[in-house]
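Let me begin by presenting the structure, written as structure tokens, before commenting on it.
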Amino acid sequence: MGRPNHQGTSNLRGGAYRVLKDAYVRASLRLARPVSREIHDDVSRIVERHTNRQMRHTHAVARESYRQVEALVGLYSTLGFTLPLPPMRGYALSPDAAVEIVRLIHESRPSTILELGSGVSTLITAYALRRFGGGRVISLEHDAAWHEIATGYIVEHDLSDYAEVRYAPLEEIEIQGHPWKWYDPSALQGIDSVDMLVVDGPPRSTQPLARYPALPLVGHLLTHEAMIVLDDTVREDERSIIRIWDSESGPFRIEEFAAEKGLTVMRR
Ligand SMILES: C[S@@+](CC[C@H](N)C(=O)[O-])C[C@H]1O[C@@H](n2cnc3c(N)ncnc32)[C@H](O)[C@@H]1O
């Protein structure tokens with residue numbers, strides 16, 4: 001049994017390799033002889049597989065981060081924000097999805113946008129409306145604290161002419177004999193026609209298929225040309241909702257954007 005040959009581990013990097021190499025050296029010392037070729041090869045394979053997976057993940061994260069920064073730069077340069085934006089991604093809209101929403105606003109010049117689930121998206125939508133000739137976004141917010149935060153964004157950025165966040169706690173509502181939690185319908189008062197519906201709430205933690213009620217309960221307000229924009233469509237729940245809407249109220253033209261969390265636009 002010769003000395004273990006380190007070929008095959010030469011492209012390994014980082015902490016995982018060091019930890020395993022130390023373990024390997026300790027094992028050799030304990031046995032007072034080099035560990036067997038088989039053990040060495042096994043350890044090398046495990047380290048290599050782990051390290052390669054880690055490197056692929058790191059590259060994917062770096063690529064995605066670059067894409068999001070690129071989108072963010074586009075938003076800043078197009079919309080001329082008065083103040084820095086609140087943080088994006090996570091619960092909030094990602095920059096790549098925001099860019100698509102801004103493009104849609106630029107293309108279709110909606111007069112009334114109804115948004116379900118407020119936040120930085122409400123702010124960006126209001127900036128886009130201001131930039132491209134006017135209109136109004138009304139955002140329903142089920143959470144009292146977020147209602148205050150999102151209203152604060154609008155006031156701070158001086159966009160009250162373009163956006164309003166309405167507090168609409170979730171209530172039990174029936175659709176075809178089944179109970180759902182949905183925004184207090186009285187929050188829709190005064191809205192008689194919607195050109196763009198942006199569905200980014202309620203959060204999925206509130207119920208399975210949490211956003212399904214949007215179309216059954218708000219669909220009657222949509223103009224014939226209206227578009228429905230659904231965020232988070234990489235998730236299985238949202239994919240099911242698209243299928244159900246399409247079969248119950250479609251057919252729709254369905255366009256999917258390669259945003260990090262998935263963004264889908266449905267039109268008649
Ligand atoms: C998916 S988030 C909606 C995000 C919003 N459309 C946006 O892009 O900023 C659903 C709910 O989470 C809450 N929320 C909004 N922004 C959030 C944030 N940055 N972090 C945590 N929760 C947030 C609000 O109650 C909102 O109705």
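The values are calculated or read from the model by the stated rules, or taken from the named source; none is laboratory data. Only a predicted model underlies this, so the values are computations on that prediction, with no experimental measurement involved. Using ideal geometry, Cβ is built from the backbone for each residue, glycine included, and neighbour counts are taken over all protein chains shown.
Brief remarks follow.
- Top-ranked residue of the range 147-157 - restricted to ones that are surrounded by 18 or more Cβ atoms within 10 Å (Cβ to Cβ) and closer than 13 Å to Leu123 by Cβ, ranked as nearest to the ligand (Cβ to nearest atom): Ala150
- Lone qualifier among Val194, Val229 - being of a type in the set (A, V, I, L, M, F, W, C) and in contact with a Ser or Thr (Cβ under 6 Å, 6 or more places away or on another chain): Val194
- Qualifying residue in the range 194-205 (condition: basic (Lys, Arg) and more than 15 Å from the ligand (Cβ to nearest atom)): no
- Yes/no for Ser44 being surrounded by 15 or more Cβ atoms within 10 Å (Cβ to Cβ), farther than 21 Å from Thr125 by Cβ and at pLDDT 80 or above: yes
- Residue that is nearest to Leu116 (Cα to Cα), among those in the range 162-175 that are over 22 Å from the mean Cα position of the chain (by Cα) and in contact (Cβ under 8 Å) with a residue 40 or more places away in the chain: Ile173
- Failed condition for Val99, given (1) away from the ligand (no atom under 11 Å from the Cβ); (2) in contact (Cβ under 8 Å) with a residue 40 or more places away in the chain; (3) of a type in the set (A, V, I, L, M): (2)
- Scan of the range 240-268 for residues that are touching a Leu at 6+ places or on another chain (Cβ under 9 Å) and of a type in the set (Ser, Thr, Tyr), ordered by number: Ser240, Ser249, Thr264
- Contacts under 6 angstrom Cβ, first residue in the range 150-161 being within 12 Å of Ser139 (Cβ to Cβ), partner within 14 Å of the ligand (Cβ to nearest atom) and of a type in the set (S, T, N, Q), 6 or more apart: Ala150/Ser118; Ala150/Thr122
- Residues in the range 67-96 that are more than 13 Å from the ligand (Cβ to nearest atom) and within 16 Å of the chain's Cα centre (by Cα): Arg67, Gln68, Val69, Ala71, Leu72.
- Failed criterion for Ile101 (all others in (1) surrounded by fewer than 17 Cβ atoms within 10 Å (Cβ to Cβ); (2) under 15 Å from the mean Cα position of the chain (by Cα); (3) assigned to a helix (DSSP H, G or I) hold): (1)
- Some residue of the range 75-93 being without any contact (Cβ under 8 Å) to a residue 60 or more places away in the chain, surrounded by fewer than 12 Cβ atoms within 10 Å (Cβ to Cβ) and part of a helix (DSSP H, G or I): yes
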